[in-house]
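The values are calculated or read from the model by the stated rules, or taken from the named source; none is laboratory data. Only a predicted model underlies this, so the values are computations on that prediction, with no experimental measurement involved. Counting neighbours? That spans all protein chains shown, and the Cβs are built from the backbone with ideal geometry, glycine included. We work out accessible area using only protein heavy atoms, side chains counted, and drop any ligands, DNA or RNA first. Shrake-Rupley method; radii C 1.70, N 1.55, O 1.52, S 1.80 Å.
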Amino acid sequence: MTYHNGVRRVSVRYDVVRKGARITQLYAKEPATINMIADAQLKTYITGTFAKNDAIDMLNDHIRPYIIIDGAEYPLGDYIVSVAETAMQSTGQEIKIEAYDQSLIASQNRLENRASFPAGALYIDVVQGLLQDCGITMVMSDPSSAELSTVREDWEAGTSYLDIINALLSEINYKPLWFDYDGFARLQKYIAPSASNIDFEYKADKMSILSADATASLDVFNAPNIFIVEVSNPDLPAPLRAVSVNEDPGSILSTIRRGRRIVAPVERLDNIASQEALQEYADNKRLQSMLSTDTITFETALEPGHGVGDVVAIHHPDFSGIYQEIEWSMPLAPGALMRHRARRIVYL
């Protein structure tokens with residue numbers, strides 16, 4: 001999406017939903033803010049102060065904010081209240097709310113007994129079954145034929161469903177669980193960020209207000225160029241091992257350019273879908289090690305539709321390039337600016 005010059009009409013609505021049906025609204029005493037932190041376990045959340053509404057069941061109801069821009073309505077996610085503090089003000093009772101995406105439910109649900117998943121079960125089926133056990137039925141998943149290679153009884157009573165889900169997703173090289181602006185759980189295969197998978201485009205114009213607040217660091221002296229990953233599990237026919245070597249002559253970190261081999265600490269996994277999945281895991285470690293650490297902070301007009309880790313193209317005379325968002329913050333108020341923090345996509 002690209003912003004262009006123009007004046008926009010912006011308003012916000014906060015629906016309260018019970019069992020999928022809208023029952024009432026919240027009215028903000030001051031603008032709420034939606035935040036995304038890509039590396040957090042619970043990746044998106046909303047904070048705000050609202051007029052108290054006794055019709056709301058804070059333990060079970062969901063909050064669904066919407067932004068309306070020039071008459072077009074955009075959902076901004078589905079959130080579960082984690083903290084609700086009530087205060088008495090001269091203008092009436094207020095309630096301060098902190099609410100998280102539905103991964104909060106998966107983190108609060110824990111095994112009552114040791115789990116057991118059969119060998120041969122599809123990873124995606126097991127993950128979706130765990131989500132359904134949490135009451136999460138809106139799921140969008142990339143297809144995968146990967147199967148559990150052994151009977152899985154790894155997780156004891158007390159383990160959170162979210163920990164199990166993310167562990168299983170990592171074994172098939174999927175991203176950790178996240179939820180989109182429509183409230184769908186997303187099960188997505190990891191794809192290295194590049195110019196071929198851009199989600200948003202920003203230009204230095206009146207609607208894309210870009211600051212030049214950037215930081216960069218380059219510490220490559222001890223940066224590894226060889227990655228070894230092993231799986232040693234008594235239930236497997238034999239131990240598995242994968243090695244990924246940076247031999248790219250265009251990379252300043254490669255064995256060729258540096259003239260020496262620097263091995264990263266060996267990573268040992270409990271399980272994996274297959275030897276092919278293990279090699280892909282090691283290759284992804286290599287690719288991630290080659291990414292630049294340059295980061296930039298910039299502001300834009302409010303932009304609905306952002307997810308977790310979006311890839312953005314920036315056209316600006318001072319800092320054009322391809323970036324991946326690692327954080328963003330969206331104050332829900334007309335005239336407010338959305339603040340982004342992103343990492344430059346340059347393979348060293």
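Brief remarks follow.
- Residue under evaluation L291, criteria (1) at pLDDT below 85; (2) open to solvent by 20 Å² or more (accessible area, probe 1.4 Å), criterion not met: (2)
- Matching residues in the stretch 295-335 - criterion: being among the charged types (D, E, K, R), open to solvent by 10 Å² or more (accessible area, probe 1.4 Å) and not in a loop (DSSP other than H, G, I, E, B): E299, E327
- Residue match in the stretch 149-159 (condition: farther than 28 Å from P237 by Cβ, under 23 Å from the mean Cα position of the chain (by Cα) and hydrophobic (A, V, I, L, M, F, W, C)): no
- Pair list, Cβ < 6 Å and 6+ apart or interchain, from the stretch 96-116 residues that are more than 25 Å from F50 (Cα to Cα) and of a type in the set (G, A, S) to residues that are at pLDDT 95 or above and open to solvent by 20 Å² or more (accessible area, probe 1.4 Å): A106/Y161
- Filter pass, S274 being hydroxyl-bearing (S, T, Y), surrounded by fewer than 19 Cβ atoms within 10 Å (Cβ to Cβ) and either within 20 Å of S145 (Cα to Cα) or touching a helix residue (DSSP H, G or I) at 6+ places or on another chain (Cβ under 8 Å) (or both): yes
- Top-ranked residue of the stretch 98-124 - restricted to ones that are of a type in the set (D, E) and surrounded by 14 or more Cβ atoms within 10 Å (Cβ to Cβ), ranked as farthest from the chain's Cα centre (by Cα): E98
- Only one of A55, A51, A87, A72 that is out of contact with any strand residue (DSSP E or B) (no Cβ under 7 Å at 6 or more places or on another chain) and not acidic (D, E): A72
- Screening the stretch 29-42 for residues that are surrounded by 19 or more Cβ atoms within 10 Å (Cβ to Cβ) and in a strand (DSSP E or B) and picking the one that is farthest from the chain's Cα centre (by Cα) gives A32.
- Scanning the stretch 336-348 for residues that are farther than 27 Å from S254 by Cβ and part of a strand (DSSP E or B) turns up L337, M338, R339, H340, R341.
- A72 meets each of the listed conditions (1) surrounded by fewer than 21 Cβ atoms within 10 Å (Cβ to Cβ); (2) under 30 Å from W155 (Cβ atoms); (3) hydrophobic (A, V, I, L, M, F, W, C) apart from (2).
- Filter result (in contact with an Asp or Glu (Cβ under 7 Å, 6 or more places away or on another chain) and surrounded by fewer than 17 Cβ atoms within 10 Å (Cβ to Cβ)) within the stretch 251-268: I256, V266, R268
- Per-region count, the stretch 43-68, residues out of contact with any Asp or Glu (no Cβ under 8 Å at 6 or more places or on another chain), assigned to a strand (DSSP E or B) and of a type outside the set (V, I, T): 0
- Of the residues making up the stretch 248-271, those that are aliphatic (A, V, I, L, M) and part of a strand (DSSP E or B) are V263, L269.
- Counted residues, the stretch 147-166 - those being among the hydroxyl-bearing types (S, T, Y), under 11 Å from N109 (Cα atoms) and part of a loop (DSSP other than H, G, I, E, B): 1
- Filtered residues of the stretch 130-140 (kept if surrounded by fewer than 18 Cβ atoms within 10 Å (Cβ to Cβ) and touching a residue at least 24 places away in the same chain (Cβ under 8 Å)): D133, G135, M138, V139, M140
- P265 being over 21 Å from N222 (Cβ atoms) and without any contact (Cβ under 8 Å) to a residue 40 or more places away in the chain: no
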